[in-house]
Structures are given as structure tokens and as C-alpha cells.
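To start, the structure under review is shown below, and the notes come after it.
The values are calculated or read from the model by the stated rules, or taken from the named source; none is laboratory data. Everything numeric here is computed off the predicted structure, so don't read it as measured data. With ideal geometry, Cβ positions are generated from the backbone for all residues, glycine too; neighbour counts draw on all protein chains shown. Protein only, heavy atoms only, side chains kept; ligands, DNA and RNA dropped before computing areas. Shrake-Rupley method; radii C 1.70, N 1.55, O 1.52, S 1.80 Å.
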Amino acid sequence: MRYLLLFIVAFPSHAQISDFDHIDFSKADQAALSCKNEGLNNMPMLAYNLTSHLDTDAERFRAIYMWVCHNIANDYTLYLRNKRKRNKYQNDSIKLKTWNDRFKKEVFRKLLKQERTICTGYAYIVQELSKLANLNCEIVHGYGKTSMTDIDKLDPPNHSWNAVKLDKKWYLCDPTWASGIPDLSTNIFRFDYNDGYFLSNPKLFIINHFPKDQKWTLLENEVHSFNDFLTAPILYGKAYKNLNEHKIPKQMHQSLHKNEVVRFIYQLKKTIDIKSIHFLIDDGFTNKKIKPNSITIDNQSLQLEYQFNSNGFYDLHLYISDDLISTYTFSVK
């Protein structure tokens, strides 16, 4: 028994959705749906209607999170305007503070009146409704990285999300990215819920979420630097639906010799068809859909191998069926 205890201590399980496999969230999801037409003008009543008939804190938080993700729209135009202003005033602390104070008021006005907001508004509403339901929920400020992020200009922090305490453990979620995506050509938002951002595995979350306060990585005894975050591969929303963990490659940019084997290792959330896995490789002239040289799945561990047989610079995109998972670049000499 003593050796078993040492093993458990040495290899702790990270707080994630699988901790609640014994809970059926359908009742909580139905509660969120039944409150669809309720606005934010009476938040205590909204919180009561969402949570009062649910049995566990996990279900109560789920109902709140689902309501926010399905009823609050992402105002991408507002986000872009704030980004431009903050970049403009980043070297003028007085003007930056004046803008931040003014912008904060506009964010909450749009949130309460139009049910449109940016990440800080999403995190705020999740926190406030959680407090009204006697749940311990925090707003986490930090950096978010997507395929559109210019990492050379990733300052100051550009994203906010939530941490919630359930059954004495802290969990991470991102209601902004879960709610849907804006059309970048029109800035028009459409709801497209992604359940993968609900109580995500911190080891996956850290790849494109870096908190200002390192305690919110929820990765005890693991050191993750800001440079690790900046150089990590690009991870897409569909990765959160398919993966529990992204293990290697650790960095987006890789240098290889011709015919050198490169390995990819992931932990899957669910069983997948091995035939659904493929790469899309772009050499700057053509895109080619190519199968990995080797594919193995053992106990939900997906391992891939590939060799480039020509010199050049390549973008490699991993797909599972039609889901774009991740992107890497390779310089082959």
C-alpha cells in the first residue's frame, strides 16, 4: 500500500473534465437552454433559475458556463479597437490608463445592454453568476495564442479566462473561445460551442493560455516559461475536442536533416479511426494531403512519424478527419 501511495503522489492526475465522468450534465445543459431568453438585467434571478434545482457544484457551474457560452456574443470589432489603442498608448502610461478606464465602462455597457463583449466580459459574467450560486470562481488574466497572434507583439496581456473550484480542486475553462468564432473577413460572430474548453486538462491548456500569475497553470512542480509558451506549436479549437494532451513536438519551428524521422505524440480523448489521420503539407507552392509514415495508437496514446525526403521549408498541419488540430514548421536541410 505504501508503494501505491508513493506512485499516486509522484504522478498526480491533473484536474480536468474526466474527474466528473460519473455526472450526467444533461440536466444542467437543459437548465441553460430553458433560460435562453433571460437577460442580464436581473443576475441574481438568472443564477437562481440556472442552478437552484441542480444537485452538485459541478452541475451548477456547468449550467452557468453553458448559458454564458450560448447567449453572450463575442464583439470582435470591439476587441480589435482595444488592441489598436493599447498598442498605440503602450509607451504612455497616462493615456493608456485613461483609455483602459474608458474602455472598461464601454465593455460592461455593451455586455449588459447588448449581451456582446470581449474576453474580460465573458470571464466577469461567469465569475459573477458563480458567486451568486455560492461557487468559488476567479478571473485569470494572461496571454492567449491563436494562429492569428503576432507573438512579436504579444504585450501587454491579451486574454482572460476562468478558474473554478469544484470538490476542493481548481479547474480551468475558457468561455470566450468556447462560445464560437468571428468571421475574420467580416468580424461577424457566430455561435459554435466547443465543449473542449470546459474543465480542460491544464497540460493542454498551457500550450495556448499563459497566465500572468503562474499558480493558475495548475501544473504543480512543473515549470513553464513564457518563452516555452511563445515557441509552442499552434493549437486550434478542434484540438480540445480530440486531444487530452499534446506531448511533442514541444516547439512550432523545427530544423531537420533530409530523411530524419520526426515524431508526434498526443493523448487522445476518445477512440478515433486511424484512417482519419493525415497531414496537410505546404511547401510554399503546393498543398499535399499525406499520410504519416507510421501511425500507432496504444491506450489512447497517438504516435506518428514522418520523414521529409526533400530540402525546403514546410508548414505541416495535422488533421483528424476534417478537424484541424495543430500546425508546425520545418526547415529541412
Discussion item. Among the listed residues His257, His246, His278, identify the single one that is open to solvent by 10 Å² or more (accessible area, probe 1.4 Å), under 25 Å from Tyr143 (Cβ atoms) and touching a strand residue (DSSP E or B) at 6+ places or on another chain (Cβ under 8 Å).
Written reply: His246
Worksheet item: Can Leu46 be described as of a type outside the set (Gly, Ala, Ser), on the phi < 0 side of the Ramachandran plot and in contact with an Asp or Glu (Cβ under 9 Å, 6 or more places away or on another chain)?
Response: yes
Practice prompt. Could you list all residues from region 51-72 that are open to solvent by less than 10 Å² (accessible area, probe 1.4 Å), among the aliphatic types (A, V, I, L, M) and outside any loop (DSSP other than H, G, I, E, B)?
Written response: Ala58, Ala63, Ile64, Val68
Worksheet item: Restricting attention to region 169-221, which residues are at positive phi and open to solvent by 20 Å² or more (accessible area, probe 1.4 Å)?
Response: Asn187, Leu218, Asn221
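So that you can scan it fast, the table gives a plain yes or no per residue for (1) at pLDDT 95 or above; (2) closer than 24 Å to Asp228 by Cα; (3) acidic (Asp, Glu):
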| site | (1), (2), (3) |
| --- | --- |
| Leu256 | no, yes, no |
| Ile281 | yes, no, no |
| Phe285 | no, no, no |
| Tyr306 | yes, yes, no |
| His317 | yes, yes, no |
Practice prompt. Any chance you could count how many residues in region 23-50 are surrounded by 14 or more Cβ atoms within 10 Å (Cβ to Cβ) and in a loop (DSSP other than H, G, I, E, B)?
Written response: 5
Discussion item. List the residue pairs whose Cβ atoms are under 7 Å apart, where the first residue sits in region 316-333 and is open to solvent by less than 40 Å² (accessible area, probe 1.4 Å), the second is among the aromatic types (Phe, Trp, Tyr) and not in a strand (DSSP E or B), and the two are 6 or more positions apart or on different chains.
Written reply: Ile325/Tyr236; Ser326/Tyr236; Phe330/Phe308; Val332/Phe308
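Only one residue in Lys247, Lys291 is under 21 Å from the mean Cα position of the chain (by Cα) and basic (Lys, Arg). Which one?
Among Lys247, Lys291, only Lys247 is under 21 Å from the mean Cα position of the chain (by Cα) and basic (Lys, Arg).
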Discussion item. Going by what's in this entry, would Glu115 be described as of a type outside the set (A, V, I, L, M), open to solvent by 10 Å² or more (accessible area, probe 1.4 Å) and within 12 Å of Ile72 (Cβ to Cβ)?
Written reply: yes
Worksheet item: Out of (1) within 24 Å of Trp177 (Cα to Cα); (2) out of contact with any helix residue (DSSP H, G or I) (no Cβ under 9 Å at 6 or more places or on another chain); (3) not basic (Lys, Arg), the odd one out for Gly284 is which?
Response: (1)
Discussion item. Here is a list: Ala239, Ala232. Which entry is under 23 Å from Ala15 (Cβ atoms) and within 13 Å of the chain's Cα centre (by Cα)?
Written reply: Ala239
Discussion item. Can you tell me how many residues within region 219-245 are in contact (Cβ under 8 Å) with a residue 40 or more places away in the chain and outside any helix (DSSP H, G or I)?
Written reply: 10
Practice prompt. Can you work out which of the residues in region 152-168 that are open to solvent by 70 Å² or more (accessible area, probe 1.4 Å) and touching a residue at least 40 places away in the same chain (Cβ under 8 Å) is farthest from Leu235 (Cα to Cα)?
Written response: Asp167
Discussion item. Going through Phe313, Phe264, Phe330 one at a time, which residue ends up being at pLDDT 95 or above and under 21 Å from the mean Cα position of the chain (by Cα)?
Written reply: Phe264
